[in-house]
Amino acid sequence: MIDCHCHLEQPEFDQDRDEVIRLCREAGIKAIVTCCAHPRDWEKSLEICQRYQGFVFLTAALHPEFIEEFSSQQISGFLKKLEENAGKLVGIGETGLDFYWVKDEKQRERQEGLFRETIRLAKRLGKPLVIHARDAVEPAIRILEEEGAKRVCMHMFGANQLTSRVIENGWWVSLNLILERSKKHRKVARDIPLERILLETDSPWLGQGRNDPRSIRRVAELIAEIKKLEFQEVWQACGRNAVEFFDLQQISSP
Ligand SMILES: [Zn+2]
């Protein structure tokens, strides 16, 4: 029972982060993977993981949506920081392509450059990759294939026409509450084997009001419904999948 993707450093949690974490533990959640997507959140993310050591784990990368804010030099600096702090990371991401927010051709090219560099960094460090791809799923998959990426999780994956490629590549997908309203995501949940699914929330976003990691229970219920499986089977399998994907060996009985 692990939330594989959320953003605990966001200001939405500033008032009551301790309380949210306490409620998550109480709800039977065994670990949370929080995702630092912007250099300004780096120090705060580290502090949060330090404070809840063994319960909150960190992935980090420069989110493609923010590419325009940074010079190439600043980007290299951040990647270097990630490399130096590799011991504090359980994964690299979210990284990828975002053609929804970024329309300019030049900036899209820079996204691709950053994406390739980030994939190579993850490979060097032996870390799994968490992928954000919006309006650019096919090119993102192609780049990952070209770079020979193996341990890959397609975050919030809804491109159901490409599910077979994800399966063939031996990758994972992480699903969240969007299953409540997206047919495409429901089709992905139906078609992808349970062993390849991770639970996530992308909280504080995606809920009605502020979302938090406890909603992975609802996500597991939805997957059980779609796959016609018992809730417990989904709940436990996704926990084990998360331990395997992020190599969280210290989490016993996830
Ligand atoms: Zn996210």
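The values are calculated or read from the model by the stated rules, or taken from the named source; none is laboratory data. As the structure is a computational prediction, the values presented were derived from the model and not from experiment. A quick note on method: Cβ atoms are made from the backbone with ideal geometry, for glycine too, and the neighbour counts reach across all protein chains shown.
Residues that are modelled with pLDDT of 95 or more, touching a Phe, Trp or Tyr at 6+ places or on another chain (Cβ under 8 Å), in a helix (DSSP H, G or I) and surrounded by 19 or more Cβ atoms within 10 Å (Cβ to Cβ) do occur in region 170-186. Across region 1-28, the qualifying residues are those that are within 16 Å of the ligand (Cβ to nearest atom) and of a type in the set (A, V, I, L, M, F, W, C), and the one among them that is nearest to Leu198 (Cα to Cα) is Cys4.
Any residue at all in region 46-53 that's within 30 Å of Ala136 (Cβ to Cβ), within 12 Å of the ligand (Cβ to nearest atom) and buried (at least 19 other Cβ atoms within 10 Å of the Cβ)? Let's see the steps before the verdict.
As a first pass, look at region 46-53 and keep what is within 30 Å of Ala136 (Cβ to Cβ): 46, 48-49.
Filter again for within 12 Å of the ligand (Cβ to nearest atom), leaving none.
The answer is no; no qualifying residue exists.
Take the conditions (1) buried (at least 17 other Cβ atoms within 10 Å of the Cβ); (2) closer than 26 Å to Val243 by Cβ; Trp205 misses just one of them, which is (1). Residue count for region 108-135, restricted to those that are under 18 Å from His155 (Cβ atoms) and among the small types (Gly, Ala, Ser): 2.
From the list Ile75, Ile32, exactly one residue is of a type outside the set (D, E, K, R) and in contact with a strand residue (DSSP E or B) (Cβ under 9 Å, 6 or more places away or on another chain). Which is it? First the steps, then the outcome.
Values: Ile75 fails: in contact with a strand residue (DSSP E or B) (Cβ under 9 Å, 6 or more places away or on another chain).
Result: Ile32 is the single residue among Ile75, Ile32 that is of a type outside the set (D, E, K, R) and in contact with a strand residue (DSSP E or B) (Cβ under 9 Å, 6 or more places away or on another chain).
Report, by residue number, each residue of region 120-168 that is within 16 Å of the ligand (Cβ to nearest atom), touching a helix residue (DSSP H, G or I) at 6+ places or on another chain (Cβ under 6 Å) and part of a loop (DSSP other than H, G, I, E, B). Correct list: Pro128, Phe157, Gly158.
Listed here are the residues, each with its yes/no results for (1) farther than 20 Å from Trp171 by Cβ; (2) of a type outside the set (Asp, Glu).
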| residue | (1), (2) |
| --- | --- |
| Leu89 | no, yes |
| Gly93 | no, yes |
| Gln107 | yes, yes |
| Lys123 | no, yes |
| Lys127 | no, yes |
| Ala133 | no, yes |
| Ile143 | no, yes |
| Glu147 | no, no |
| Lys150 | no, yes |
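Here is a check on your reading of the model: is Ile216 among the β-branched types (Val, Ile, Thr) and more than 30 Å from Asp16 (Cβ to Cβ)?
Numbers: among the β-branched types (Val, Ile, Thr): yes; more than 30 Å from Asp16 (Cβ to Cβ): no.
No.
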